[in-house]
Each structure stands twice: as structure tokens, then as C-alpha cells.
Amino acid sequence: MEASKIDIIETVMASKKLQAKDAALLLKNASKVIAMKGKKVSEFDIEKTASTDAIESMLGPTGNMRAPTIKVGETYLVGFNEEIFSREFG
């Protein structure tokens with residue numbers, strides 16, 4: 001994040017296990033989710049409610065939210081992909 005000159009406003013420790021209900025709450029104020037797992041990138045447009053697929057894309061195999069989860073404007077970026085980060089953070 002420092003290399004891209006991104007200001008971190010809030011950090012949540014990994015020991016705080018955020019799950020599906022937490023992901024759904026986060027998405028109430030979101031317009032888009034970009035979930036990245038290696039080269040696989042899935043984008044979800046969030047309208048009035050978040051789809052089950054969008055919420056599931058934010059969770060790892062243990063059922064906890066994946067890291068990093070970053071909010072940029074009304075978009076959540078979940079996971080990491082160099083190409084997407086370069087596009088979003090220029």
C-alpha cells in the first residue's frame with residue numbers, strides 16, 4: 001500500500017474473524033465488489049442487496065473474510081491481483 005501511496009484509514013486485525021454476515025453489512029454501502037484469487041477476477045455490481053455469490057467471493061475456505069479487503073470509494077477489492085491493483089490505484 002505504501003508503494004502506491006495509499007492512505008490506510010482503518011486496519012482490522014486478522015484475529016478478528018469476519019464472516020458472511022460481516023461481508024453483507026459492508027456491502028450495504030457498496031456499488032461493486034472485485035474479488036481476486038490469483039489470476040481469477042470476478043466483478044459483482046451491487047444494487048439494493050448483495051448477491052450470495054458476491055458475499056461468497058469475499059470469503060475464504062474457512063468461511064472468514066479474505067485479506068486484503070480494501071474499500072476504494074464504493075468498491076470493495078478482495079484478495080490481490082497486480083493488474084487490478086495497478087488499474088484501481090494507478
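No value in this document is a laboratory result; all are computed from the given coordinates. Since we're looking at a predicted model, the values are computed, not measured. Cβ: placed from backbone, ideal geometry, glycine included. Neighbour counts: every protein chain shown.
Once you reduce segment 15-57 and segment 59-90 to the center of their Cα atoms, the two points are 9 Å from each other. Annotation for A24 and E74: the two label points, set 7 Å from Cα along the Cα-Cβ direction, are 2.2 nm apart. Take every pair of alpha-carbon atoms less than 8 Å apart whose residues are at least six positions apart; their mean separation over the length of the chain yields a relative contact order of 30 percent.
How large is the charge dipole for the chain, taken about the Cα centre, if only the Cβ atoms of Lys, Arg (+1) and Asp, Glu (-1) carry charge, to the nearest 20 debye?
Values: 13 positive and 13 negative charges, 56 e Å.
For the chain, the charge dipole is close to 260 debye.
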